Structures are given as structure tokens and as C-alpha cells.
Amino acid sequence: MLRFAARRVLLLVPILIGLSILVFLFVRALPGGPETALLGENATPERVAQVRELYGLDRPVYEQYVSYVQSVLSLDFGTSITTRQPVVEEIARRFPGTVELTVTAMIIAVAVGIPLGFVAARRYGSWVDNLSTAGSLLGIAIPVFALGYLLKYFFAIKLGWFPTQGREGSLMFRNEHPTGFYVLDGIVTGNPEAAVDALRHLILPALALATIPLAFITRITRASVLEVTGEDYVRTAEAKGMTRSVITRRHILRNAMLPIVTVVGLQTGLLLSGAVLTETVFAFDGIGRFLAQAVFARDFPVIQAGILFLAVIFVLVNLLVDLSYGLLDPRVRTR
Amino acid sequence: MRNLRRQGVVALGLAGLLVGTAACGGDSGTNDDGASGSDEGGGDTLVFGASADPVSLDPAYVSDGESLRAARQIYETLVTTEAGGTDIVEGLATKWEADEAGTAWTFTLRDGVTFHDGTEFDAEAVCFNFDRWYNFEGVQQSPSVSYYWQTVFTGFANNEDPEQGESLYASCEATDATTAVINLTGPSASFLPGLALAAFSIASPTALEEFGADEVTGTGEEPRFDGAYGLEEAVGTGPYTLESFEPGNRLVMTAYEDYWGDAPAIETIIFRPIADGPARRQALEAGEIQGYDLVDPADYEALEGAGYQLLSRPAFNVGYVGINTAKPPLDNPQIRQAIAHALNREALVQAQYPEGSEVATQFMPPELFGHADDVTEYEYDVEKAKALIAESGVANPTIEFWYPTGVSRPYMPNPEANFQAFQADLEAAGFTVTPQSAPWNPDYLDAVNTGAAGLYLLGWTGDFGDPDNFIGTFFRTDQPSWGTIPQEIQDQLEAGRTETDEAARTALYEDANRAIMEQLPGVPYVHTSPRLVFAENVVGYEPSPVSIEDFARVSFSD
């Protein structure tokens, strides 16, 4: 297992190098280049030239790349143009929010999706199955922002159960945030009210965010369980007179898990990097909203660092998924 | 199978529990000091939905609306504007007077004013602030950092950019505790109205020094504020003190106990950043905020119908069709007049602009002094336009008409729609129109500013209440975008800028407006007025054309 893990970690190196080249090229391919993104309206050619010199955009591309990698390795991503604070600090401050949101969304998606997919497969063709299939289609088809507004309309405006925006109530400004994970902060600082408040702010955005992974997880669980149930070894186990629960646990669930874990992992990576719409609609102060605002404000240092950061997160989550294969299926380790 | 059922039940139960606890939290979480969810604010707290966080709470370094809105509550300026207008009234100074040359301004300061840190507000503090701005160096001199200082005072003690003009500011003397004399290098009429800008807020010298307000590093394009001042600390004399500022989350301000003026009615003001427009509206409807700015015109009716108050901010911008008078056939005055008569401005404003927008007759809004009621007006008249073309002697006039893409401005929400309407109007009058479009920045603005564009769509939003900030900016100096502006108009505007007698200035600008509309270097067509929305029980908010709006006058009606 260790050798398998080591090999997978080593494989990261070329991926990360490729990634850094892609992000580097992407930013330089922006219309007008970073200099117009930076200077905004009414830039004179002289100013453009100054900025090109300042950022080394007038130097050969390979030199630019080397200095870019140097600054990335020293975690120096420059200063945000909108907040005028170091980009690294700005991202670090917002990442816990995105993690909290993603984890809550994935808990909802897994807790509902796997049992639902399982029941649908075991009762193939029943109303549960049909409902889950229709629900999955709807979950994938409905735009997240539309769902966000709808959820807010019913659960916040009409029913008043949840707040429409933010990470904590406006009046909770005396709360302390030692970790940046607000629910955890409430517990750690012995302020249960703050924890409940933070949780209430998480539910609606998490529900909106959970729909797509929920739909995928349900469908893949259903398909995977259906496939495994038809395998010879399941029939053999049944023939041997094993109890239903043993067959389900040992033979069906574990073997059906591999594709499910893949989907859960991929979706977690996607959510961590792609909650732009949900965070914007819910004015939730996470990475996604920060990045979206940076794009509108042409905050070039944030865009560049943000893309790289999210890509690295995605790659790391994928690594974890790969490693979990090794745990679930011994055959993978030897391959 | 039973097992499966149990799993399903567990999962459903779990989901139910999540929703359930959270819903219960709605009741238990609402109490005196920790209300959450719906019905936040009210009583002694008002929550306002901002479109973004303030960049900094040091007003000397900002030019964006949200930073200035916050600064208005925490700080005060020497002079300010009357509520809802642009006339200059007392601020921290109760009297002011210029000498004959218009270069030495004596300000008599309000007595008994203290900063939030307990230090005394006096003439020394005023001079400290002015000298601080004047002595900005390095990154502080970047236009993105000290925009308004450069707009009003041009340069610094030591200009680092040799092309930067000489500073209008010369020195400040504190002759006694309540008298400050500000010396200028030349007369300037925009000096006094400029001082009402929040950028010239007087901050506590002690706090500025203690919390590193001048610690700005980085580069001109990427300035970095390293000091705690502006992020953790902000100390002025205003009705509200900074309680806490968490970017992305909220800005909390509480009433200042020792405020010299009337104590604010609402104890705590919270600005909550909600960038998404529909999300702001939903937060209002859920009772989480009690008001927000820049309401989407599409929401006017629904919000009003639901009992919210919509307040209109007087128009302080202008949208115009610019004409490069150096480019044939636009150099022909009759062709320009034909264009003005051909454009159906009323129809466009009615179709494309929110209720409350006005058709413009000149290049500055009617709220501003110097606006002349009797400028030459060019009513919509296709026949007259055709006749003028015939008189002009230009056969089959062809015009390149430029419009920007990928941009929306308050005075031009949808440039393409404006272009299409005007193009049809011009063609109906017999012009041949060649459409030219370019991305707003940099291509479009370059084309206009370098004089490449003949006819073009553009506009302007005023920074402060002075005609020099409108027609002075446009026509006082030669600019390729307008072609040739007659010297006498330029002279009139220069005279207006340096004249310090209010009545004489008004007359000069009225004359200038008449001359400009006679010359017709463009066709102004719209002034728009943005709106704010508030909950039904919020009273006392007075929208100002220059956004000098004071939450200290706001209260709840019940």
C-alpha cells in the first residue's frame, strides 16, 4: 500500500508542472493581456508599457515562467487589487468557508444519494426507482442559481426558517473565529448559539450545492449495485444460504463502492473549486465568490492565484480518491 | 430487505434532523443580543445591504462608493453639502472665507469636537491631515490610491511622476485652535466643493500615526495597505465609531457617545456586503437587511407593491452622443444640428431608461448651479433635420457611428440598444450610418480619446457638486474626442474655475452652457437617477446627488 501511495504522489509532480504551465499560459492569453486587465479604463500606451515592464511581460516567455514558478514556490502571489491585502491571506481566510459548505453539501448528497440509489436498485422498476431516476435528472438539469433563489424564496422569505445570505447573522459580530470554520468555532469557543447560527447559514446553500452530486451519486449507486447484484459470486453466496444482510454488506456494497467513491471524490473536488454560483447567490464568503468578484473586478493577481489554488485542490482530492481505491480494492495496489 | 429499509429510514431521518435542528434554531437563535435569520435589525440596529466591502476605511485612499459610504458615517469633512443637494454648508468648519486673490482660505472650526479616540479636534489636526495628503510619497501617489487628492489638488510636495502637475495646495497654518488657514498656489473654485468629498475627511492624527496609516507598500497598480489603520482602526469625528470590520462579512458601526451634533437615533449600523442584486432583494424581503442601494429598475414595481419605499437619488450624470467636430462632415455645424434634430431622445429615454430619468438639454444635470434653462434646444424633427442636411451642402452624408460592447453604465445600461435606436433615427433623416463597435476597454475608449471616432456614445458621472467637474472636465482644455472647441468657450470655463464669487461663477457657467449647446460638440440625451430601497418603517434617509448620505438622521418609525 505504501509503495502504491508513493507512486501516486510522485505522479503528482508532472501533473502539477503541467498545471502551472496551463495557468501561466491561460492568464497570459486573456484578451488584451494582464496589463489591460490591470490598468482599467483610459490606459495610455506609456502606462501599458510601464506595467508590462513591472510584471516582466516584456521579457522572454521562458524567463517569465521561471520567475512565476519562483513566486509560486515562495507562496508570493502578490496583492489583491480590490482588497489591497496579500492574496495568500485572502484565500486562506476564505477557504474554511468553502470547505464547510462543501462538507455539508457532500454529507447531504452521500447520506441521501447512496441509500436512495441502493433502494432504487434493489427495487428495480418500482415507484422508488422511477422517482429516484426522475429526481436525478431534475437535480442535474436545474441550474444551481435558480434553485438557490427558489430555496431562499420558500425557506427564507416565505417560511423564515433559514437566512438568505452570509455565513453568520449580522448581529453575531462579537463571535470569535479561532479556526475559521464557523460551526466548529461556535463549539470550540463554547458558544452553541453561534454554532447553530452558522449551521443555519449553511443549510440552504448546501442544499443547492448538493443537488448535482446527489443526482450523480444516486444514479451511479443504482447502476453499480444493479451490476454487482447480477454477478456470479452474489448468486453463489445466495445459493450457499448466506443471510441477506451479510450478502449486502460483504458482497454487494463493498464491490459496488468503487465507482461510488470515484464520483464522491470527483464531486467533492468539483464543489471545493466550483461553488462560484452558490456562494454568489447566497453571499457566502468563500473562495468561489471571491474568485467571481475578482473576475468582475479584473483582479488579476487573485484570478491567477485562485485558479492555481483550486486546480491544486482538485488534483489533491483526486489523489485521495486514488488512494482510497487501494484501500477498497487490493487489486488496484498491485497494478 | 428489512436492513435496506432501515438504512433508508436512517438516511431520511438524518436529512430530516439536519433540516429540523436548523429550523428549530430559528426560534432559539432569536434573542436580544444574538438574533439571526429573519427580522435582523430593527429597534436599535439597522442592517444595510452593500454591494461590496469598503476597500479601506481610510478615506484618503479610496474612490469607490462603498468605501465612501462607510467613511461618511465615521468621519466628517470641513464643509459638506446640504442634505439632498449640492450646495456647500457647514461641516467641521462653521465659517470660511477666501482672501481677495482666492488663494488663502481661512476656516473657522467648530468648537468642542473630539475624535473617537478622545483626542481634540482642532486646527492642528486639520493641518496634520492636509500635510499628510500633500506629502504622500511612493505608492501613495498612485492615481489608484489618492484619486481624489489628485482630482482636486493635482500634485504633491514632491511629485514622483515628472508629468504630474504642480500642487494646488501650498500650506496650512493653525493660527489658533479653531482657525486654520489653507494656502493655495492659485485660485480654484472647485477647491471648496471638492472639500466636501469624503476623501478629505479629517482623521485623528494620533490614530493615523499609531496605526500606520502611511504604511503602503506594493506597486502603483497593486498597492498593499500594511498598517492596521483603515482595516482594524478608523478614527474620525463622525456620528458613528467603528466597532468591527470583517471583510466579506460585515462592517459594524455604533453611535459615538460624545458626538458634537444630534445623537444618532439608531445605535448600531451594519453594512452587509451582498454583491448579487437579486440576493440583496431577497435579503430585504426576508427582513435580514432594511435597505440597499442601486435597485434594479426591473424590481421597482414589485418592491413598491410590496410596501417598500423607493427613494430616488437626484440625477448626477449625463449620457451623450459625442461628436468629433474636427472630422468631416461633422465639422459642418448644420450637419451637427441635423443630427441633434434627428435623434428621438424622448423615445429612447422612455423605452430604455428607468422611470425618473430625464431627457438632457445640456452636458450637466439640472441639480447643479450653472445649469442654464434657456440653452438652444434641438427638438425631435425629422423634416427639419432633412432641411438642414440640404442646406449644409453635404450630399449623402455618411457618418461612422461608434458604440461600445461589453459594458453597462448608469447613463447607458445597454449601449447597443441606444445605438440601434439612434441609428434608425439618423437613417430616417437621410444619413448613411456606418456602425463601428469595439470592446469598452481599452479599444473603444482609445478610439474615442484619440479622436478616431466621429460620432460616439459616452457619458459621465460627477464626482462632486461643481460644474467644473462636468463641462470643465469636458471642454476646458483641448481633447481630441471633441475635435476643436472654440477658444472663447475654453476661456469661459477657465474663468469659471478660478472665479471665487458664487454669483459670477453661476453666470459664467450658464453662458458656457449656452455657448456649448450652440456649438454642439455632442448631443446630451439623458440624466438617470438611481434608486435606493428601504423597509417601510425606515425614515429620514435623504438621497444626495453626490451620495453624501448620513445614517445618523435615519430612524425607525415605530
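Taking the simple approach of a point 7 Å from Cα along Cα-to-Cβ for both B:ALA101 and A:ARG7, what is their distance in nm?
Here the modelled spin labels are 8.6 nm apart.
Residues of the range B:504-527 with the amide nitrogen closer than 18 Å to a label point 7 Å from the Cα of B:ASP478, along Cα-to-Cβ, please.
B:521
Compute for chains B and A the buried accessible surface, both sides summed, probe 1.4 Å, and express it in Å² to the nearest 100.
On the way: alone 23830 and 18320 Å², together 36670 Å².
Counting protein atoms only, the buried area is about 5500 Å².
Excluding B:PRO486 itself, what net charge comes from residues whose Cβ is under 12 Å from its Cβ, given Lys and Arg +1 and Asp and Glu -1?
-4
Would you mind computing, in nm to one decimal, how far apart the modelled labels at B:ALA177 and A:LEU184 are, each placed 7 Å from Cα along Cα→Cβ?
5.4
Compute from the Cα atoms of the range A:87-334 the Rg and the Dmax, the latter being the longest Cα-Cα distance, and quote both in angstrom.
20.5, 66
Rounded to the nearest 500, what is chain B's calculated 222 nm mean residue ellipticity when only DSSP H runs of at least 4 contribute -39500 (n - 2.57) each, over all residues?
Details: 16 runs with 165 residues, N = 558.
Helices in chain B give a 222 nm mean residue ellipticity of -9000 deg cm²/dmol.
In the range A:121-153, which residues give up 50 Å² or more of accessible area once the other protein chains are added, compared with their chain alone (1.4 Å probe)?
A:ARG123, A:TYR149
Measuring with a 1.4 Å probe in the full set of protein chains, what accessible area per residue, in whole Å², belongs to the range A:113-237? Show your work: numbers first, answer last.
Values: 5420 Å² over 125 residues.
In whole numbers, the range A:113-237 has 43 Å² accessible per residue.
Which order do B:HIS116, B:HIS527 take by accessible area at a 1.4 Å probe, largest first? Before the final figure, lay out each step's value.
Details: B:HIS116 40, B:HIS527 5 Å².
Order by accessible area, largest first: B:HIS116, B:HIS527.
Distance in nm between label sites at B:THR432 and B:ASP117, each 7 Å beyond Cα in the beta-carbon direction?
7.0
How big is the gap, in Å, between the Cα center of the range A:235-299 and the Cα center of the range B:491-558?
For the range A:235-299 versus the range B:491-558, the Cα centre distance is 55 Å.
Taking 1 over the mean of 1/r across every pair of different Cα atoms in the range B:317-526, what Kirkwood radius in Å do you get? Before the final figure, lay out the partial values.
Working: mean 1/r = 0.0582 Å⁻¹.
Value: 17.2 Å, from the Cα pair sum.
Evaluate Rg over Rh across the range B:386-475, taking Cα atoms for both radii and Kirkwood's formula for Rh.
1.03
Counting only protein chains, not ligands or nucleic acids, how are A:LYS240, A:LYS158 ordered by accessible area (probe 1.4 Å), most first? Don't jump to the answer; show the numbers that get you there.
Working: A:LYS240 145, A:LYS158 125 Å².
So, going from the largest accessible area down, we get A:LYS240, A:LYS158.
What number comes out for the charge environment of B:ASP468, summing +1 per Lys or Arg and -1 per Asp or Glu over other residues with Cβ under 11 Å away? Please report the intermediate quantities before stating the final value.
Details: positive: B:ARG476, B:ARG497, B:ARG505; negative: B:ASP463, B:ASP466, B:GLU494, B:GLU499.
Around B:ASP468, the charge tally is -1.
Per the 1.4 Å probe, what fraction of the accessible area of chain B, in percent, lies on carbon and sulfur atoms? Write out the running numbers ahead of the final one.
Details: 9920 of 21020 Å².
Its accessible area is 47 percent carbon and sulfur atoms.
Apply 1/(1 + (r/R0)^6) to the Cβ-Cβ distance of A:ARG250 and A:LEU16, taking R0 = 30 Å, and write down the FRET efficiency to the nearest 0.05.
Values: r = 39 Å, r/R0 = 1.29.
Between A:ARG250 and A:LEU16 the formula returns 0.20.
How much accessible area per residue does chain B have, counting only protein heavy atoms and a probe of 1.4 Å, in square angstrom?
Roughly 38 Å² per residue, with all protein chains present.
Calculate the FRET efficiency for B:GLU301 and A:LYS240 from the Cβ-Cβ distance with a Förster distance of 56 Å, rounded to the nearest 0.05.
Values: r = 72 Å, r/R0 = 1.28.
For B:GLU301 and A:LYS240, the calculated efficiency is 0.20.
For the protein assembly as shown, what's the radius of gyration and Dmax over Cα atoms, in angstrom?
31.4, 111
Ratio to report: Rg/Rh of the range A:257-335, with Cα atoms as the point set and Rh obtained by the Kirkwood method; give two decimals.
Working: Rg = 15.9 Å, Rh = 13.9 Å.
Rounded to two decimals, Rg/Rh equals 1.14.
What residues in the range A:61-83 lose 50 Å² or more of accessible surface when the other protein chains are added to their chain alone (1.4 Å probe)?
Buried by 50 Å² or more upon assembly, which counts only protein chains, are A:THR79.
Out of all DSSP beta bridges in chain B, what portion is antiparallel? Express it as a percent rounded to 5.
Working: 55 of 74 bridges.
Bridges in chain B are about 75 percent antiparallel.
From the helices alone, meaning DSSP H stretches of at least four residues, give me the mean residue ellipticity at 222 nm for chain A, per-run term -39500 (n - 2.57), in deg cm²/dmol to the nearest 500.
Value at 222 nm, helices only, nearest 500: -24000 deg cm²/dmol.
Quick one: check the C-alpha center-to-center distance for the range B:388-436 versus the range A:124-155, whole angstrom.
One Cα centre to the other: 48 Å.
Carbon and sulfur together cover what percent of the accessible area of chain A at a 1.4 Å probe radius? Mind dumping the intermediate values first?
Numbers: 10730 of 15650 Å².
Answer for chain A is 69 percent, counting heavy atoms of protein chains only.
The values are calculated or read from the model by the stated rules, or taken from the named source; none is laboratory data. Quick caveat: nothing in here was measured; it's all calculated off a predicted structure. Here Cβ is always computed from backbone atoms with ideal geometry, including for glycine, and neighbour counts include all displayed protein chains. Only protein heavy atoms, including side chains, enter the accessible area calculation; ligands, DNA and RNA are left aside. Shrake-Rupley method; radii C 1.70, N 1.55, O 1.52, S 1.80 Å.
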